[in-house]
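J.: What follows is a structure written as structure tokens; I'll ask about it next.
All of the numbers you see were taken from the coordinates with simple rules; none came from a lab. This is a predicted model, so every value here is computed, not measured. When we count neighbours, we look across all protein chains shown, and the Cβ atoms used for this are built from the backbone with ideal geometry, even at glycine.
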Amino acid sequence: MATKRKAAETIAQLHAVVGSDESEVKRIAQDLAAKLTPADTGEFGLEVIDGCADNAEQAAARVRDTIAALQTMPFFGGKLVWLKNANCMADSPIGRAAGVQSALEELADVLQSGIPENVTFLLSATETDKRRSFYKTLTKLTDVQVIDRLDASRSGWEEEALDAVRSRVRARKLPLDEEALDLFVLLTGGDTRQVENELEKLELYAGPNQRVTPEDVRRLVPLSRAGVIFELGNALAACDLNRALALVRRLLDQGETAIGILLVAIVPTIRNLLLAKDLMERNRMQRPSAPFTFISAVNRLPAEATAHLPRKKDGTVNAYALGIAAMNAHRFTSDRLIAGLEACLSANLQLVSSQLDHELVLTEIVVKLLAC
């Protein structure tokens, strides 16, 4: 997800693209470099310094190379100096080295003092310690584009990912129906690189006219980590015992911790099912045919009816996850879901305080919730 940090007074010649979404940072920086490089200057219009250093000494040298490039007048008209893929700003042994910090302070002084009018500076970095003085100086001097990877374990990530993927689907003019789009987002977990790769695959498969169905998505798009977690939640909500147990085993085989599976997949699923069921019963809401149908219904409720619901960072209700739960809540009684949450509490204590086999603990929860 991309954001901009506005500075009170910015310098038009300075640009920075940073964030944890590596593929997006590289793509956006590459596009920006193409726009900022002066036309008709050939190889003299762009000076790239490789900022990905192997050690602190090399990193400091690359920063000082950047300073020298900024202070060197261009041969023809103007030039862009690009410190590319810099790892000197990370919270790492390289980034914390005194020599690197000293070099970055020198660069900050040069940027603050002003560079020649016909010179433009671009910095791109994926690992950035936002507590460092250089980063804070940079945010004061220019509009830093921050492109961070979506955190699929955070509440409300689905809606953010859906908006981002929908814009990419429209740009490709890919005939993806809404149900297939929802499934695609959840299977890819909002990972930018995987989204691009899988959209290209679907585009080749579908051609110019054939619509992409949920079955096509399920057949062609592999499960990401977030996708496996989503599928586990789906299996629990659908009362598919065998599928749920197989997905628990798969996550454990992939190196996920039992406590992580419990807190990220099982507890949220049961909690959302209980919240959705209670909300529907109290407000006489119909079972929705799609998550966004439920979102519209929730938004029409009075504030006191939704005050207890989980919220996203912006304070709005995380209705998408509740919408998915509402489609399946009819399969469970409230007492059964409450017992499921109590089983999760007991399992949490067992996982952190006993030597019981972790797969056995998770299996017991799933069987208690789904066994009829």
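J.: Between the helical axis of 157-172 and the dominant principal axis of the chain, each derived from Cα atoms, what acute angle in degrees is found, rounded to the nearest 10?
T.: Roughly 60 degrees, rounded to the nearest 10.
J.: Follow-up question, since we're still on this one. If packing is taken as the mean number of other Cβ atoms within 10 Å per residue, what is the order of 301-307, 124-130, 84-90, highest first?
T.: By packing density, highest mean first, the sequence is 84-90, 124-130, 301-307.
J.: Can you tell me the orientation of helix 56-71 relative to the chain, as the angle in degrees between its alpha-carbon axis and the longest Cα principal axis, to the nearest 10?
T.: Its long axis makes an angle of about 60 degrees.
J.: Still on this structure, I have one more. Could you list the trypsin sites (Lys or Arg not before Pro) in region 184-249 that lie in coil according to DSSP, counting only those with at most 11 other Cβ atoms within 10 Å of their Cβ?
T.: Of the trypsin sites (Lys or Arg not before Pro), the ones in loops of region 184-249 whose Cβ has at most 11 other Cβ atoms within 10 Å are ARG211.
J.: Right, here's the next one. Relative contact order (percent) for region 226-370, with alpha-carbon contacts under 8 angstrom and 6 or more residues of separation?
T.: 33 percent
J.: So, one more: So which residue, out of ALA319, ALA246, ALA171, gets the largest mean-square fluctuation from a GNM of the chain using Cα contacts under 10 Å as springs?
T.: ALA171
J.: Another question about this same structure. Which of these values of Cα Rg over 2.2 N^0.38 Å was calculated from the structure shown: [x] 1.21; [y] 1.00; [z] 1.11?
T.: Comparing each candidate, only [x] matches the computed number.
J.: Across region 200-207, in residue order, what do the Karplus-derived ³J(HN,Hα) couplings come to in whole Hz, using 6.51 cos²θ - 1.76 cosθ + 1.60 with θ = phi - 60° and x for Gly and Pro?
T.: 4, 5, 5, 5, 5, 5, 7, x
J.: I want to check the label-to-label distance for THR293 and LYS35. Put each point 7 Å from Cα in the C-beta direction and report it in nm to one decimal.
T.: 4.1 nm
J.: In nm, give the distance between the simple-model label positions of ASN197 and THR363, each being 7 Å from the Cα along the Cα-to-Cβ direction.
T.: Once both label points are built, they end up 3.3 nm from each other.
J.: For the pairs LYS140/LYS312; LYS26/LYS84; LYS173/LYS201; LYS26/LYS312, note any where the Cα-Cα span goes beyond 20 Å.
T.: LYS140/LYS312; LYS26/LYS312
J.: Give the longest segment of the chain that steers clear of chymotrypsin sites (Phe, Trp or Tyr not before Pro) in DSSP loops with at most 12 neighbouring Cβ atoms within 10 Å, not counting the sites themselves.
T.: It works out to 77-372.
J.: For region 59-146, what is the Kirkwood hydrodynamic radius in Å, using each pair of distinct C-alpha atoms?
T.: 13.3 Å
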